[in-house]
Amino acid sequence: MTSKLNSTVVLVTGASSGIGRATALRLAEEGATVALVARRKDRVEELAEFVAAQGGRAMAVAADVTDADSAAAAVQEVVDSLGRLDIVVNAAGSMLNGDSERARLDEWDQMIDVNVKGVMYVVKAAVPHLLEAAKSADRQVADVINISSVAGRVATAGVAIYNASKFGVTAATEAWRQEFGGRNLRFSVIEPGAVDTELFSHQQGHAQEAESQRFEGVEKLHPEDIADAIAYIATSPRRRAVNEIVIRPTDQDF
């Protein structure tokens, strides 16, 4: 284990799989204590055990970030247990794309709840602790890193509500960056293209088939590619704020 993030506490949402899981492992390698937040308790407990077996430090927190009280309780549990909070990575996400005429409203609600409200609830609860850490940490800075998408930059037919949710994440992150940067709390957004995660499997029937055709011939990014970008942001010295990173597969031209 290295020590670029030694003595820091990182909260990662969506830590049970994909980008969240890869990020937790990557930041643990940098010396951080990682709080693994997800609905699937068994998965984050298993991951916490794996981090510990590799010589790192981790705790598992079962929480539903789409519920404001649950999100706030998760943040408070981390602070109470670990004494501080230095970095938040909002990696929980939902993608249920497809024909808007056939789409179900509950699927649209789910994307807004996870992708927008989940970020909002965690940020709201975490900011006071992050500002305190920015004052007291050796790093002299704290971080929020939000995972958006290239869908938060370019709208596409059949992707309307996912577009809306990710445009919202990108916009909110920039507004928060302006609001809190002067207090040594950095806000960064990462906008990946296609990443090989469970996200694509969330879609059903015709929507999944359409996505498969859309990305045919594209070698998707690995979750570790995004985790590397997150590590670059989190380990940057106080003077360097990385506002936005766009990462596409080499083969993805949209």
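In the set 186, 177, 240, which member is part of a helix (DSSP H, G or I) and either of a type in the set (A, V, I, L, M) or at pLDDT 95 or above (or both)? Result: 177 is the single residue among 186, 177, 240 that is part of a helix (DSSP H, G or I) and either of a type in the set (A, V, I, L, M) or at pLDDT 95 or above (or both). Residue-level analysis places residue 183 outside the set of residues that are within 19 Å of the chain's Cα centre (by Cα), over 20 Å from residue 23 (Cα atoms) and surrounded by fewer than 23 Cβ atoms within 10 Å (Cβ to Cβ). Restricting attention to the stretch 173-195, the residues being among the aliphatic types (A, V, I, L, M) and either within 13 Å of residue 226 (Cα to Cα) or touching an Asp or Glu at 6+ places or on another chain (Cβ under 6 Å) (or both) number 4. Looking only at residues of the stretch 219-239 that are touching a strand residue (DSSP E or B) at 6+ places or on another chain (Cβ under 9 Å) and among the charged types (D, E, K, R), we find that the one that is farthest from residue 32 (Cα to Cα) is 220.
Against the numbered list (1) over 21 Å from residue 75 (Cβ atoms); (2) at pLDDT below 95; (3) surrounded by 14 or more Cβ atoms within 10 Å (Cβ to Cβ), residue 137 comes up short only at (1). Among the candidates 7, 17, 81, the residue that is under 22 Å from residue 111 (Cβ atoms) and either over 15 Å from the mean Cα position of the chain (by Cα) or of a type outside the set (Lys, Arg) (or both) is uniquely 17. Condition (residue is of a type in the set (Gly, Ala, Ser), touching a residue at least 60 places away in the same chain (Cβ under 8 Å) and not in a loop (DSSP other than H, G, I, E, B)) applied to the stretch 103-126: is it met by at least one residue? The answer is yes, given that some residue of the stretch 103-126 is of a type in the set (Gly, Ala, Ser), touching a residue at least 60 places away in the same chain (Cβ under 8 Å) and not in a loop (DSSP other than H, G, I, E, B).
Rundown of residues vs (1) surrounded by 18 or more Cβ atoms within 10 Å (Cβ to Cβ); (2) hydrophobic (A, V, I, L, M, F, W, C), yes/no style:
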| site | (1), (2) |
| --- | --- |
| 163 | yes, no |
| 170 | yes, no |
| 173 | yes, no |
| 198 | no, no |
| 219 | no, no |
| 226 | yes, yes |
| 250 | no, no |
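Could you check the stretch 140-163 and list, in sequence order, the residues that are touching a residue at least 40 places away in the same chain (Cβ under 8 Å) and closer than 18 Å to residue 243 by Cβ? 141, 142, 143, 144, 145, 146, 147, 148, 149, 150, 153 - these are the residues of the stretch 140-163 that are touching a residue at least 40 places away in the same chain (Cβ under 8 Å) and closer than 18 Å to residue 243 by Cβ. Given the structure, is residue 208 modelled with pLDDT under 95, over 15 Å from the mean Cα position of the chain (by Cα), closer than 18 Å to residue 93 by Cβ and not basic (Lys, Arg)? Spelling it out, residue 208 is indeed modelled with pLDDT under 95, over 15 Å from the mean Cα position of the chain (by Cα), closer than 18 Å to residue 93 by Cβ and not basic (Lys, Arg). The residues listed here are 61, 34, 9; of these, the one that is out of contact with any Lys or Arg (no Cβ under 6 Å at 6 or more places or on another chain) and under 26 Å from residue 140 (Cβ atoms) is 34. Counting the residues of the stretch 9-53 that are under 26 Å from residue 67 (Cα atoms) and either surrounded by fewer than 19 Cβ atoms within 10 Å (Cβ to Cβ) or of a type in the set (Ser, Thr, Tyr) (or both) gives 12.
Let's see how each residue does on (1) in a helix (DSSP H, G or I); (2) of a type in the set (Gly, Ala, Ser):
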| site | (1), (2) |
| --- | --- |
| 135 | yes, no |
| 140 | no, no |
| 143 | no, no |
| 155 | no, yes |
| 158 | no, yes |
| 161 | yes, no |
| 170 | yes, no |
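Quick one: would you say residue 73 is small (Gly, Ala, Ser) and touching a helix residue (DSSP H, G or I) at 6+ places or on another chain (Cβ under 7 Å)? Criteria not met by residue 73.
Comparison of 38, 62, 22 shows that the only residue that is small (Gly, Ala, Ser), at pLDDT 95 or above and more than 30 Å from residue 215 (Cα to Cα) is 62.
The values are calculated or read from the model by the stated rules, or taken from the named source; none is laboratory data. Given the structure is predicted, the values throughout are model-derived calculations rather than measurements. As a convention, Cβ positions derive from the backbone with ideal geometry for all residues, glycine included, and neighbour counts pool all protein chains shown.
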